[in-house]
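Q: Dropping a structure here in structure tokens format, bear with me for questions.
Here, each number is a calculation from the coordinates, and none is a lab measurement. Source: prediction; values computed, not measured. So basically every Cβ, Gly included, is an ideal-geometry build from the backbone, and we count neighbours across all protein chains shown.
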Amino acid sequence: MMGITTLLLMLTGFQGLTQIQIFQLSHPSLGLMTTLIFAFTETFTITFISALVKSVTPIVNKDTSKVLSDIRSLVYRQGMLSLLWITVVFLLGGAVDTNLLPPFLHGMIFLLGFVHYFYVLKLQHQSFGYCLNSTDESIISEE
């Protein structure tokens, strides 16, 4: 789902620059579809990582548990910020369509949100890896 979301974000940004139809969809329609899929994917990922950290926490030592809690909090905050950012970019697209906001500003806000999205992907990947490594180390140390 993250790959599909990334591809859709790229296509939506490209369509915003070139103003061509992609998949027979206008820019607002593709933006809506992208935002909906992004929201679903991000919500699922945040929930999954939060549940994973919560399930791993009881089997690791106290120091690792604190680190996992901090990671969970960081991923949650940044994921929600990314979700808010991309949603606001979509909503500001309406302001661009009604000439209340210049397209350049909308594009720059999208670009910053896109960069933040990749930062969040990196955080999510690292947190997932840290959870797995902590679990693996805990299982090895018990044996």
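Q: Enter the angle in degrees (range 0 to 90, nearest 10) between the Cα long axis of helix 62-97 and the first principal axis of the Cα atoms of the chain, meaning the one along which they spread out most.
A: 10
Q: Calculate the FRET efficiency for Ser55 and His125 from the Cβ-Cβ distance with a Förster distance of 25 Å, rounded to the nearest 0.05. Can you show the working numbers first?
A: Details: r = 19 Å, r/R0 = 0.74.
Efficiency computed from Cβ-Cβ geometry: 0.85.
Q: With 10 angstrom as the radius, rank Ile22, Ile46, Ile86 by how many other C-beta atoms surround their C-beta, starting from the fewest. Provide the component values of the computation, followed by the final result.
A: On the way: Ile22 15, Ile46 21, Ile86 25.
Least crowded to most crowded, the residues run Ile22, Ile46, Ile86.
Q: Let me ask something else. Among Phe38, Phe23, which comes first, second and so on when ranked by fewest other beta-carbon atoms within 10 Å? Present the calculation step by step, with values, prior to reporting the outcome.
A: Working: Phe38 25, Phe23 10.
In increasing order of surrounding Cβ atoms, one gets Phe23, Phe38.
Q: For the chain, what log10 I(q)/I(0) values come out of the Debye formula at q = 0.16 1/Å, with one point per alpha carbon and no solvent?
A: -0.81
Q: Skipping prolines and chain starts, which residues have an amide H placed within reach, meaning under 5 Å, of the one on Leu101, given they are 5 or more residues away or on another chain?
A: Amide H neighbours of Leu101: Val96.
Q: Multiply the residue separation of Thr98 and Ser29 by 0.36 nm, subtract the distance between their alpha-carbon atoms, and state the gained length in nm to one decimal.
A: Working: separation 69, 0.36 × 69 = 24.84 nm, distance 1.58 nm.
Full extension from Thr98 to Ser29 adds 23.3 nm.
Q: Okay, moving on. Which percent of Cα pairs goes in each bin when the distances of the stretch 6-58 are cut into 10 angstrom slices starting at zero?
A: All Cα pairs, binned at 10 Å, distribute as 25, 35, 19, 14, 6, 0 percent.
Q: Specify which residue in the list Ile46, Gln24, Gly94 is farthest towards the positive end of the charge dipole of the chain, using unit charges on the beta carbon of Lys, Arg (+1) and Asp, Glu (-1), about the Cα centre.
A: Gly94
Q: Then there is this: Only Lys, Arg, Asp and Glu count, each charged at its Cβ (+1, +1, -1, -1), so figure out the dipole size of the chain about its Cα centre, rounded to 20 debye.
A: On the way: 6 positive and 8 negative charges, 63 e Å.
About 300 debye.
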